[in-house]
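A.B. asks: Pasting a structure below so you can have a look.
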Amino acid sequence: MPRVIRVGGAQMGPLQKSDSRKVAVDRMIGLLDQARARGCRLVVFPELALTTFFPRWNMDDKREVDGCFETQMPNAATKPLFDRAKEYGIAFAFGYAEIAEENGERHHYNASILVDEAGNIIGKYRKTHLPGHSEFDPGRSFQHLEKKYFEVGNTGFRVWRFMDGIFGMCICNDRRWPETYRVMGLQGVEMVLLGFNTPSANSQRADEPRELRDFHNDLCVQAGAYQNGTWVVAIAKAGVEDGHELLGGSAIVHPSGQIIARTQTSGDELIVADCDLDDCNFYKETIFDFARHRRPEHYGLITGQTGVVRPD
Ligand code: CDT
């Protein structure tokens, strides 16, 4: 039995700081409507889909910061999205800023969830590789304060059996780290769902060409797909948010590493691909048959040490 899933990559255009959750959710529902018309069974939305990419703002007022987060999911603002998806029988994934109550304490995470066709949240991932910095940095042309607003996620890279396949999630900067894909690869992942918000300029290197940033985006997701024999669905929030441009270039990547669907705009745009999960098998059973070819006895440094230790 072929395991083909028609997947929609729902790139979102910019959200301004002044935009309400309703603005975001209405646009997500618009994309979901398109996905239904095109026969999608699973739709992937970006990282922090409900707000502007707020880590570019240096905020000290706790209430202002917490106003960017969700304390419940679904909540009043997102329920219409859950309801519409359930009505259509479409599964979906999206990212948001989460306040979680754990052991009587409030924790702030950059999270994403996987929701099945019946509207149940079946998976949650909290971002591991938080980029940027934790305090205002006057040396940058704009801020990237993820380390100020979020704690390192405590979920690790899990996978979920779902729709006759094995699915995983990661978020934005995670896609640049080979460990992200390999940990999921070792659990047999067949499709990685990921959202991103990537500035089109480097705040610490003004002359870095936009083409290079696009190239690095593709390089990471294509290598992650190929080296683990998995589909990767990498979906952006794009366009100019409050004067700051984000990359588009959302893509659906085949286990061969080839991009088979790609957005053309920096606005709300749906890309669609029929993804056969069995296309993973050839790679997993030949060049990347981990059981036959991996040599973990030589990989100890990867988990035993964090930074570089050079020889004397
Ligand atoms: N959202 C996110 O993780 N963005 C990062 C920007 C890194 S530059 C500080 C990314 O890897 O695309």
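A.B. asks: Calculate what fraction, in whole %, of the accessible area of segment 85-201 sits on carbon and sulfur atoms when a 1.4 Å probe is rolled over the protein chains.
C.D. replies: For segment 85-201, the apolar C and S fraction of the accessible surface comes to 49 percent.
A.B. asks: Starting from the Cα of Thr286, step 7 Å toward the Cβ, then list every residue of segment 243-264 with an amide N under 18 Å from that point.
C.D. replies: 254-259, by backbone N distance to the label point.
A.B. asks: Let me ask you something else. Enumerate the amide H contacts of Asn202 below 5 Å, restricted to partners 5 or more residues apart or on another chain; note that Pro and chain-start residues carry no placed amide H.
C.D. replies: Under 5 Å from the amide H of Asn202: Glu208.
A.B. asks: In addition: Could you compute the net charge surrounding Gly132? Neighbours are other residues with a C-beta less than 10 Å from the C-beta of Gly132; K and R count +1, D and E count -1.
C.D. replies: Charge balance in the 10 Å sphere: +2.
A.B. asks: I need the calculated FRET efficiency for the pair Asp207 and Asn58, taking r as the beta carbon distance and R₀ as 30 Å, to the nearest 0.05.
C.D. replies: Using R0 = 30 Å, I get an efficiency of 0.75.
A.B. asks: At R0 = 45 Å, how high is the FRET efficiency between Asp214 and Asn120 if r is their beta carbon distance? Nearest 0.05 is fine.
C.D. replies: Efficiency, rounded to the nearest 0.05: 0.80.
A.B. asks: Sticking with this structure for a sec: From the helices alone, meaning DSSP H stretches of at least four residues, give me the mean residue ellipticity at 222 nm for the chain, per-run term -39500 (n - 2.57), in deg cm²/dmol to the nearest 500.
C.D. replies: Rounded to the nearest 500, the figure is -7000 deg cm²/dmol.
A.B. asks: How much of the DSSP bridge set in the chain is antiparallel, in percent, rounded to the nearest 5?
C.D. replies: 65 percent
A.B. asks: Continuing with the same structure: Counting pairs of alpha carbon atoms under 8 Å apart in space and at least six apart in sequence, what relative contact order in percent does segment 4-304 give?
C.D. replies: 21 percent
A.B. asks: Taking the Cβ of Lys17 as the centre, find all other residues whose Cβ is under 12 Å away and add up their charges (Lys, Arg: +1; Asp, Glu: -1).
C.D. replies: That sum, taken over residues with Cβ under 12 Å, equals -3.
A.B. asks: Taking a 19 Å limit on the Cα-Cα distance, which of the listed pairs Lys62/Lys237; Lys79/Lys148; Lys79/Lys124 fall beyond it?
C.D. replies: Listed pairs above 19 Å: Lys62/Lys237; Lys79/Lys148.
A.B. asks: Working out 0.36 nm times the residue gap between Ile29 and Arg294, then minus their Cα-Cα distance, what length gain in nm do you get to one decimal?
C.D. replies: Separation in residues times 0.36 nm, less the Cα-Cα distance, equals 91.1 nm.
A.B. asks: Keeping all protein chains in place, calculate the accessible area per residue for the chain (probe 1.4 angstrom), answer in Å².
C.D. replies: On a per-residue basis, 45 Å².
A.B. asks: Would you be so kind as to identify which of Ser134, Ala111, Cys40 lies farthest towards the positive end of the dipole of the chain, taking Lys and Arg as +1 and Asp and Glu as -1 on Cβ and the Cα centre as origin?
C.D. replies: So the residue furthest toward the plus end is Cys40.
A.B. asks: Taking the Cα centre of segment 1-83 as the origin, how large is its charge dipole in debye, to the nearest 20, when only Lys and Arg (+1) and Asp and Glu (-1) carry charge on their Cβ atoms?
C.D. replies: 480 debye
A.B. asks: Between Gly153, Gly248, Gly139, where does the largest GNM mean-square fluctuation fall for the chain, given springs only between Cα atoms within less than 10 Å?
C.D. replies: In the Gaussian network model the winner is Gly139.
A.B. asks: Sticking with this structure for a sec: Could you tell me which of Met73, Leu50, Cys280 has its Cα farthest along the dipole of the chain towards the positive end, charges placed at Cβ (Lys, Arg +1; Asp, Glu -1), taken about the Cα centre?
C.D. replies: Comparing the listed Cα positions along the dipole, Cys280 ranks first.
A.B. asks: If you line up the Cα atoms of the chain on their principal axes, what length do they span on each, largest first, in Å?
C.D. replies: 62, 54, 45
A.B. asks: For segment 176-306, what is the percent of antiparallel DSSP beta bridges, rounded to the nearest 5?
C.D. replies: Here the share of antiparallel DSSP bridges comes out near 65 percent.
A.B. asks: Please compute the modelled spin-label separation between Thr155 and Gln72, points set 7 Å along Cα→Cβ, answer in nm with one decimal.
C.D. replies: Here the answer is 2.0 nm between the modelled labels.
A.B. asks: Compute, for Tyr88, the solvent-accessible surface of its heavy atoms (probe 1.4 Å) with the complete set of protein chains present, and express it in square angstrom to the nearest 10.
C.D. replies: Counting only protein heavy atoms, Tyr88 exposes about 50 Å² to solvent.
A.B. asks: List the relative contact order of segment 16-80 as a percent without decimals, with contacts defined as Cα pairs under 8 Å and 6+ residues apart.
C.D. replies: Rounded, it is 51 percent for segment 16-80.
A.B. asks: Which of Glu269, Glu190, Glu105 moves most in a GNM of the chain, Cα contacts under 10 Å?
C.D. replies: Greatest mean-square fluctuation among the candidates belongs to Glu105.
A.B. asks: Ile5: net charge of surrounding residues, Cβ under 12 Å, Lys/Arg +1, Asp/Glu -1, itself excluded?
C.D. replies: -4
The values are calculated or read from the model by the stated rules, or taken from the named source; none is laboratory data. Values in this document were obtained by computation on a predicted structure and should not be read as measured data. Don't worry about glycine lacking a Cβ; one is built from the backbone with ideal geometry, like all the others, and counts go over all protein chains shown. Heads up: the accessible areas ignore ligands, DNA and RNA and are worked out on the full protein's heavy atoms, side chains in. Shrake-Rupley method; radii C 1.70, N 1.55, O 1.52, S 1.80 Å.
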